[in-house]
1. Return a yes/no flag: does region 213-230 have any residue that is part of a helix (DSSP H, G or I), acidic (Asp, Glu), under 18 Å from the mean Cα position of the chain (by Cα) and closer than 27 Å to MET1 by Cβ.
2. Here is a check on your reading of the model: is VAL142 aliphatic (A, V, I, L, M), assigned to a strand (DSSP E or B) and closer than 22 Å to GLN41 by Cβ?
3. Just to be sure, is VAL168 touching a residue at least 12 places away in the same chain (Cβ under 8 Å) and surrounded by fewer than 20 Cβ atoms within 10 Å (Cβ to Cβ)?
4. Restrict the check to region 233-242 and report whether at least one residue is among the acidic types (Asp, Glu) and at pLDDT 95 or above.
5. For a quick check of your reading: which helices (runs of 4 or more DSSP H) sit entirely within region 1-118 and have at least 1 residues that are polar (S, T, N, Q)?
6. Going through region 177-209 one residue at a time, which ones are part of a helix (DSSP H, G or I) and farther than 19 Å from TRP97 by Cα?
7. Could you please find all residues in region 209-239 being more than 17 Å from GLY191 (Cβ to Cβ), aliphatic (A, V, I, L, M) and crowded, with 19+ Cβ neighbours inside 10 Å?
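The values are calculated or read from the model by the stated rules, or taken from the named source; none is laboratory data. Keep in mind it's a predicted model, so treat the numbers as computed, not measured. Cβ coordinates were reconstructed from backbone atoms using ideal geometry, including for glycine residues, and neighbour counts include every protein chain displayed.
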Amino acid sequence: MDLNLEGKTALVTGGSRGLGRAICLGLAAEGAAVAVNYRRQGAEAAEVVKRLQTDCGVRAIAVCGDVTRPEHVVRMFDQTEQQLGPADVLINNAGMWPTAYVHQITEEDWNHTLAVNLTGPFLACREAVRRWLVDKREGCIVNIVSPAAFLGSTTGHAHYAAAKAGLVSFTVSLAREVAGRGIRVNAVAPGMMATDMAREALEEDLDGYLRRIPLGRIADPTEVANVVVFLASDRASYMAGATVDVSGGMLMR
């Protein structure tokens with residue numbers, strides 16, 4: 001199936017590893033030029049860029065930036081536009097998954113978790129939408145959320161769950177605001193994936209997580225990335241404000 005992404009430009013936050021890396025590879029495989037955002041993993045981002053260029057034959061760059069800082073977000077979009085052309089697709093993937101029960105969470109940790117997982121996507125969405133409206137261009141946003149947004153957390157991730165719940169609601173609100181302007185905003189809720197972020201939790205309680213997953217296994221990031229790439233494509237042209245469950249049946253929503 002042709003997803004009609006060839007010739008388009010995508011900016012992927014947190015694109016240097018894990019799900020972000022898989023999303024970058026999936027977009028490039030469909031012919032999109034990709035800006036791989038990173039904050040600290042410069043070598044990993046460079047490796048992703050090299051693979052996109054070599055294996056997929058697309059234009060790709062690495063863009064450093066902290067999604068919680070508005071000036072960094074503006075710079076990320078500027079660099080993308082200068083080197084690849086205006087962004088057509090924004091994937092808000094950058095995130096953090098700290099572990100602490102509510103009685104242990106400091107205000108600093110709470111605020112930082114919400115800054116990365118909720119304020120960061122807001123800042124990136126705001127910048128993308130501002131540019132698209134000024135230029136009278138259509139665009140597409142996919143926000144990465146979590147089943148925890150709907151189910152909460154029993155494993156010490158209440159601050160993460162709260163941030164992702166906020167992002168689900170924000171996705172719907174933004175979609176309602178801009179759908180009539182040709183800008184589609186949707187979300188994907190991945191379950192447990194074999195990534196660096198989840199490695200420690202899976203090593204400590206793999207059986208516990210598997211018992212909660214009806215499909216009985218941990219996802220490969222590519223399985224989730226495939227859905228993200230679909231939502232970013234013209235094949236999802238009639239979807240707006242949706243959250244797609246890709247959790248192996250954990251959510252079933």
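1. Scanning region 213-230, I find at least one residue that is part of a helix (DSSP H, G or I), acidic (Asp, Glu), under 18 Å from the mean Cα position of the chain (by Cα) and closer than 27 Å to MET1 by Cβ, so the answer is yes.
2. It is true that VAL142 is aliphatic (A, V, I, L, M), assigned to a strand (DSSP E or B) and closer than 22 Å to GLN41 by Cβ.
3. Yes.
4. Yes, some residue in region 233-242 is among the acidic types (Asp, Glu) and at pLDDT 95 or above.
5. Per the criteria, 42-55, 70-84, 107-114.
6. Answer for region 177-209, where residues must be part of a helix (DSSP H, G or I) and farther than 19 Å from TRP97 by Cα: GLU177, VAL178, ALA179, GLY180, ARG181, ASP207.
7. VAL229, ALA232, ALA236
Quick grid of which residues meet (1) closer than 19 Å to VAL246 by Cβ; (2) among the acidic types (Asp, Glu); (3) surrounded by 22 or more Cβ atoms within 10 Å (Cβ to Cβ); (4) at pLDDT 95 or above:
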{"residue": "ASN93", "(1), (2), (3), (4)": "yes, no, yes, yes"}
{"residue": "TYR101", "(1), (2), (3), (4)": "no, no, no, yes"}
{"residue": "ILE105", "(1), (2), (3), (4)": "no, no, no, yes"}
{"residue": "ASP109", "(1), (2), (3), (4)": "no, yes, no, yes"}
{"residue": "LEU114", "(1), (2), (3), (4)": "no, no, no, yes"}
{"residue": "ALA128", "(1), (2), (3), (4)": "no, no, yes, yes"}
{"residue": "VAL172", "(1), (2), (3), (4)": "yes, no, no, yes"}
{"residue": "ARG176", "(1), (2), (3), (4)": "no, no, no, yes"}
{"residue": "ARG181", "(1), (2), (3), (4)": "no, no, no, yes"}
